[in-house]
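To start, the structure under review is shown below, and the notes come after it.
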Amino acid sequence: MCGIVGVLGQHQAAPILVEALKRLEYRGYDSAGIATINNGKLERRRAVGKLVNLSDLLVHEPLAGKSGIGHTRWATHGVPSTKNAHPHQAGSVAVVHNGIVENFKELREELAQLGLPYKTDTDTETVALLAQYHLSQGDSPRVAAQKTVVRLEGAFALAFLFHGEEDLMIAARKGSPLAIGHGDGEMYVGSDAIALAPLTDRITYLDEGDFAVLTRKSVEITDKNGALANRETRTIAIDSARVDKAGYKHFMAKEIAEQPSVLKNTLQNYIIADGTNIELPANDIDLASIERLTMVACGTAFYAALTAKYWFEKIARVPVEVDVASEFRYREPPVAPGTSALFVSQSGETADTLAALRYMTRKMPQLYRWSMCPKAQSRGKVTWFCHCMPVLRLALPPPKPSQHSSPF
């Protein structure tokens, strides 16, 4: 998972961006970079490896400016290198991206024919080139970004910054989560609320297909149909103690040590007072109607699903099939009546798992959406809070123990 941050602030953006990126290190990354606008000029700095390398670079080559975007990259297209690191810039536009642009090869060929050759190995550069092309045709930054986003296929969260526009940032979401933070005369963008926690406690989560235009004093959000959208602004409470290492060398070591207390806390919230039964939140799910269950996941969430298969079959006596999401989404299996599906994702933004979910939603209009998550991250139609802290380490990635146990 890549990480995105953006700032339209009253103070120098570079140190704020780097600190926010540190809070996204748990997502995994192999390079990092930031871009800022100072006196109308767009500049960027990028470095391979840990964030300390970017920090060292900024000591020798500082970036001024109170508007900026930042990114931690986990390579998918192209090796980890400075040229492939984000932000990507083409002319007067810079962009950071989380996700995969699946039609980037076709777009790249089209842009090359227009005299816009690529310089990197990434799919993201296509986004910057396409936006720059529309700018060169006389479109405003907003219109250029809109025309760019509608051409993209796949899953993405995007943040755009434009040369000469110190009070403008544009964000878009399809498939990958993106949050907007509201400050006092400041606005922020982040892949999740954790990155923005020290800056603001007022968060708006973009919905699927949303397009947002931000200034320091306002945000305008339109939905996938271009209509103005009024998204809820939530006040969140992320305890800073829960997002530090608490004396451990690594987040993973801390979370391994926390497993007994986290599991206990999760289960206690659903056990009735006398301890004799489990009571789940009110819902209209008819579990008795499920004749067969398909579980879909990636990585070690897939291993969690394999474990759950034994429990469902032994205890509920429901036959279970477990699929890797990347295989499931492309082979598009037939769905028999009476089949239900459970999608397991530690992050909630695994691209293949979300694509598989969308496929099943088309096949099963009455599909139930269950969400097991910390309160600040609720997404589903039916939500079961796992009452745990956000996951701040990544191995393959593994699911958090409380998220592993809650649905099973």
Looking at Ala145, is it assigned by TED's automatic domain parsing to the domain that holds Arg44, within 26 Å of Gln12 (Cα to Cα), modelled with pLDDT of 95 or more and under 19 Å from the mean Cα position of the chain (by Cα)?
no
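Does Val93 qualify as being closer than 16 Å to Val149 by Cα and either modelled with pLDDT under 90 or not polar (S, T, N, Q) (or both)?
Details: closer than 16 Å to Val149 by Cα: yes; either modelled with pLDDT under 90 or not polar (S, T, N, Q) (or both): yes.
For Val93, the condition - closer than 16 Å to Val149 by Cα and either modelled with pLDDT under 90 or not polar (S, T, N, Q) (or both) - is met.
Of these, Glu109, Glu125, which one is among the acidic types (Asp, Glu) and either surrounded by fewer than 16 Cβ atoms within 10 Å (Cβ to Cβ) or in the same structural domain as Ala351 (by TED's automatic domain parsing) (or both)? Can you show your working first?
Numbers: Glu125 fails: either surrounded by fewer than 16 Cβ atoms within 10 Å (Cβ to Cβ) or in the same structural domain as Ala351 (by TED's automatic domain parsing) (or both).
After applying the criteria, what remains is Glu109.
I want to confirm something. Restricting to region 185-203 and keeping residues that are part of a strand (DSSP E or B) and within 14 Å of the chain's Cα centre (by Cα), which single residue is nearest to Gly6 (Cα to Cα)? Explain how you work it out, then say what you get.
Filtering region 185-203 down to residues part of a strand (DSSP E or B) leaves 187-190, 202-203.
Retained after the next criterion (residues that are within 14 Å of the chain's Cα centre (by Cα)): 189-190.
Numbers: Val189: 5, Gly190: 6 Å.
Among them, the one singled out is Val189.
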Since Val320 meets every condition but one in (1) exposed (fewer than 15 other Cβ atoms within 10 Å of the Cβ); (2) modelled with pLDDT of 85 or more, which condition does it not meet?
(1)
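For region 153-163, how many residues are modelled with pLDDT of 95 or more and either surrounded by fewer than 22 Cβ atoms within 10 Å (Cβ to Cβ) or of a type outside the set (Phe, Trp, Tyr) (or both)?
First, pick out the residues of region 153-163 that are modelled with pLDDT of 95 or more: 158-163.
Then keep just the ones that are either surrounded by fewer than 22 Cβ atoms within 10 Å (Cβ to Cβ) or of a type outside the set (Phe, Trp, Tyr) (or both); that gives 158-159, 161, 163.
Residues meeting the conditions: 4.
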Among the candidates Leu206, Leu178, Leu228, residue that is aliphatic (A, V, I, L, M), surrounded by fewer than 16 Cβ atoms within 10 Å (Cβ to Cβ) and either modelled with pLDDT of 90 or more or not assigned by TED's automatic domain parsing to the domain that holds Glu153 (or both)
Leu228
Within region 9-24, the residues that are crowded, with 22+ Cβ neighbours inside 10 Å and within 20 Å of the chain's Cα centre (by Cα) are Leu17, Ala20, Leu21, Arg23, Leu24
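Identify all residues within region 272-295 that are among the small types (Gly, Ala, Ser) and over 11 Å from Gly338 (Cα atoms); write none if there are none. Let's see the steps before the verdict.
Taking region 272-295 and keeping what is among the small types (Gly, Ala, Ser), we get 273, 275, 282, 288-289.
Listed by number, the residues that qualify are Ala273, Gly275, Ala282.
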Tell me yes or no: at least one residue of region 132-139 is buried (at least 16 other Cβ atoms within 10 Å of the Cβ), among the aliphatic types (A, V, I, L, M), within 25 Å of Met187 (Cα to Cα) and in the same structural domain as Ile170 (by TED's automatic domain parsing).
yes
In region 324-358, the residues that are in a helix (DSSP H, G or I) and without any contact (Cβ under 8 Å) to a residue 60 or more places away in the chain
Ala325, Ser326, Glu327, Phe328, Arg329, Tyr330, Arg331, Asp352, Thr353, Arg358
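The values are calculated or read from the model by the stated rules, or taken from the named source; none is laboratory data. The structure presented is a predicted model; accordingly, all values stated were derived computationally and were not measured. As a convention, Cβ positions derive from the backbone with ideal geometry for all residues, glycine included, and neighbour counts pool all protein chains shown.
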